[in-house]
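A short worksheet on the structure shown next.
Bear in mind that the values in this text are calculations on the coordinates, not laboratory data. In this text, all values refer to a predicted model and were calculated from it rather than measured experimentally. Backbone-built Cβ (ideal geometry, glycine too); neighbour counts: all protein chains shown.
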Amino acid sequence: MVPVKLYSAIEDRTVHFRELHAKDGAPIEHRRVSSKTGREVPSERIVKGYETSRGRWVLLTDEEIKAIEAPARKAIEIEDFVPADQVDPAFYDRPYHLGVGDDGREPYAVLHAALKKAGRVGIGRVVLRGREQLVAVRAGADNLLEMSTMRYADELIDPGDVDVSAPSRTPTKQEVDMAAKLTQGLHQRFKSGDYEDEYRARVLDYLGRKAEGEDVELPEDEAPEETGDDLAAALEASVKAVRG
Amino acid sequence: MAPRSLWTGAVSFGLVNVPVTLRSATRDLQPHFHLVDSKSKTRIEIRRCCSKEGKPVDWDEVAHGHDIGGECVMVTDEELSALEPRKTRTIDIEAFVDVAEIDPVLYDHAYFVVPAGGEGAARAYRLLAQVMEEAGEAALGRFVLRTREYLAALRVRDGVITLSTLRFADELRPASALGDSRPKKARPAKKKVDQAIKLIEALGSDFDPTRYEDRHRKQVEKLVKAKRKGQEIEAPEQPETPAAVSDLMKALEESIAAVRG
């Protein structure tokens with residue numbers, strides 16, 4: 001038993017907007033209307049429901065919905081330890097940091113060291129906001145234990161179900177070699193700090209200038225080019241450009 | 001039912017442009033409760049109305065307001081995408097990196113990248129997928145979707161290019177934000193770590209995602225069934241927090257013994 005505290009690992013940095021009516025700048029109101037009549041429904045008549053089949057509803061009170069909340073212990077119950085590299089990142093949903101709980105320094109450090117050395121992640125379950133979730137616990141950077149909620153297998157769409165049109169002629173060896181050269185030329189060590197959200201800064205700058213009444217000019221739009229039939233020529237020019 | 005495409009544009013790899021669309025690689029199977037009119041038993045819809053005119057407003061008439069210094073600045077979708085016209089339509093591949101170097105904590109949503117267009121697009125797509133698969137690498141690029149920019153890692157799964165949006169470094173809360181709960185650099189006793197590894201190995205198995213059932217989903221279905229039959233639903237008891245173990249070594253030994261049976 002390792003006592004831990006849960007913290008969200010992410011901070012919202014999105015620029016937030018309110019909805020306005022473009023025509024007159026008035027705020028948009030969200031009205032609750034009946035899907036059948038389109039007329040507004042008074043709030044005392046609105047309840048929660050679950051659609052069992054099309055148009056058939058089971059109505060539930062807040063107390064009844066609360067009753068669904070798993071009465072589990074406040075603990076992350078680890079069921080399996082699996083090799084970390086077997087878990088496709090597409091399974092990971094929301095990340096959390098696990099902080100050290102009361103009197104927990106030692107077991108926390110032991111679990112972190114052991115997970116790291118074994119190269120495994122713990123797969124378990126925890127109840128978050130009344131809902132039992134599948135989670136992965138792993139040894140992260142800065143001596144932190146990280147937890148991510150996970151998607152269930154049936155929530156991931158199988159790549160085999162995606163219709164990708166096959167070309168009538170497969171790429172030639174020359175094209176493959178050239179493309180491989182291009183990927184090598186663009187190879188880098190991944191450092192997350194190297195990438196910044198440039199658009200966020202641009203949006204905020206634009207909003208600031210507009211607030212001051214400035215008439216801001218928008219950049220020219222460039223038409224996207226489409227690669228023609230000559231894939232090899234485009235690749236060759238690209239390799240040259242990367243090599244500078 | 002064919003999945004809806006969320007974004008249409010091109011993946012640009014050097015001077016090669018591959019027209020593509022993005023489709024979600026996940027499906028939401030979580031049970032959702034909806035607001036219902038108890039009188040007519042019809043679902044409640046949210047209708048956007050202008051607070052001035054009191055009339056319904058279509059989605060394409062909705063603009064975005066942002067408060068700056070007490071003033072509300074209005075911008076439209078057109079203005080937002082015009083700020084970065086290229087990134088709104090093109091995912092430029094900037095670099096290729098080892099997948100193992102990307103911290104799993106950065107992964108956000110997963111999409112499939114599907115070629116859109118004729119023979120040229122299909123062939124360029126196949127080429128990109130082939131070299132990425134052979135190199136065992138992820139391609140990194142950026143694009144703008146609605147009101148924000150995303151960093152994206154493109155990988156190949158079963159011949160299909162998968163795009164995962166990645167969080168930017170400044171969207172991750174640093175360890176220092178944990179204050180007193182932040183773990184310190186520690187060298188736990190080797191004996192205890194070895195014992196813990198033994199336990200981990202004893203509970204070790206291959207990752208088989210189909211083994212884990214969504215018990216919450218089951219629970220909701222059960223409740224709804226009970227309610228339909230008119231049974232009473234009981235409220236749960238309060239959960240308790242387990243206490244810390246006082247003797248870690250003993251706890252580890254007991255756990256291993258229990259697993260080995």
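In table form, for the structure just shown:
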quantity	calculated
Average partner coverage of A:200-206, which counts Cβ from other chains inside 10 Å	5
Which of B:Gly120, A:Leu218, B:Leu140, positive extreme of dipole for the protein assembly as shown (C-beta unit charges)	B:Leu140
Spin-label pair A:Asp85/B:Arg217, simplified geometry with 7 Å Cα→Cβ offset, distance in nm	3.1 nm
Exposure proxy ranking, count of Cβ atoms within 10 Å, fewest first, for A:Trp57, B:Trp59	B:Trp59, A:Trp57
Gyration tensor verdict on the range B:91-153 (Cα atoms; rounded if a/c is under 1.5, prolate if a/b is larger than b/c, oblate otherwise)	oblate
For A:Phe17, distant residues with modelled amide H under 5 Å away	none
Selected from A:Ser34, A:Ile65, A:His21, residue furthest toward positive end of dipole (chain A; charges at beta carbon)	A:Ile65
Exposure proxy order (Cβ contacts within 10 Å, fewest to most) of A:Val137, B:Val99	B:Val99, A:Val137
Long-range amide H partners of B:Leu145 with built H, under 5 Å	B:Tyr150
Sequence-distant residues sharing a close amide H with A:Gln133 (under 5 Å, placed H)	A:Val126, A:Val127, A:Leu128
Size of charge dipole - the protein assembly as shown - debye, nearest 20, with Cβ of Lys, Arg +1 and Asp, Glu -1, no other charges	1900 debye
Cα gyration tensor shape of the protein assembly as shown, rounded if a/c is under 1.5, else prolate or oblate by comparing a/b with b/c	oblate
Rounded Å value of the spacing that divides the Cα centres of the range A:85-145 and the range B:87-158	28 Å
Simple spin-label estimate for A:Asp102 and A:Met1 in nanometres, 7 Å along Cα-Cβ	1.2 nm
Inter-site label distance for B:Asp92 and A:Asp205 at 7 Å from Cα along Cβ, in nm	1.5 nm
Integer Hz, Karplus 6.51/-1.76/1.60 couplings in order for the range A:79-85, x for Gly and Pro	9, 9, 10, 10, x, 4, 7
Residues A:Ala241 and A:Ser168, FRET efficiency given R0 of 45 Å [Cβ-Cβ distance, rounded to 0.05]	0.95
Under the Karplus curve 6.51 cos²θ - 1.76 cosθ + 1.60, θ = phi - 60°, whole-Hz ³J(HN,Hα) for the range B:49-61, x wherever Gly or Pro sits	10, 6, 6, 8, 8, x, 9, x, 10, 6, 4, 6, 9
Gained length - B:Lys55 relative to B:Asp28, 0.36 nm times residue gap less alpha-carbon distance	6.4 nm
Whole-Hz couplings from phi, Karplus 6.51/-1.76/1.60, listed for the range B:179-196; x for Gly and Pro	x, 5, 8, 6, x, 8, 5, 9, 10, x, 3, 4, 4, 5, 5, 4, 5, 5
Fewest-first ranking of B:Lys185, B:Lys222, using other Cβ atoms within 10 Å as the exposure measure	B:Lys185, B:Lys222
Cα gyration tensor shape of the range A:131-175, rounded if a/c is under 1.5, else prolate or oblate by comparing a/b with b/c	oblate
Modelled FRET efficiency - R0 56 Å, A:Lys23 with B:Asp208, Cβ distances, 0.05 increments	0.50
